[in-house]
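Report on one structure; see the data block that follows.
Computed from the coordinates by the stated procedures, all read-outs in this text should not be read as laboratory data. Since we're looking at a predicted model, the values are computed, not measured.
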Amino acid sequence: MLRMLITLVQLSDMHFEKQGNWLSGKAENVANAIWALDPTTRHFFLLFCGDIAYSGAELEYQAAKSFIEDLRKSLRDRNSNPTVDSAFARVV
């Protein structure tokens, strides 16, 4: 029987600054915490909402992008064929 196991991860109000923030350099730790919830997961959907950048500066978004790319890679590395998608929520 084929099972499709999905884990939805929501990260909110990360407030990246030019020099990073408390999440900077911790993508592997975050991936470990996500993976520990259910190591049988085959598909991850990452949802980022709230304030991603502290003041909206381009360098802050670049720091956030780097963290997100590292997080996606860390989750992919744990599984031979995972799907890791991400989205940004916008409240209007």
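What do you get for Rg/Rh of segment 6-88 when both radii come from the Cα atoms and Rh is the Kirkwood radius? Don't skip to the end; give the middle numbers.
Working: Rg = 12.6 Å, Rh = 12.9 Å.
Looking at segment 6-88, the ratio lands at 0.98.
Please give the contour-minus-distance gain from Ala33 to Ser12: 0.36 nm per residue of separation, less the Cα-Cα distance, rounded to one decimal in nm.
Working it through step by step, the gained length comes to 6.0 nm.
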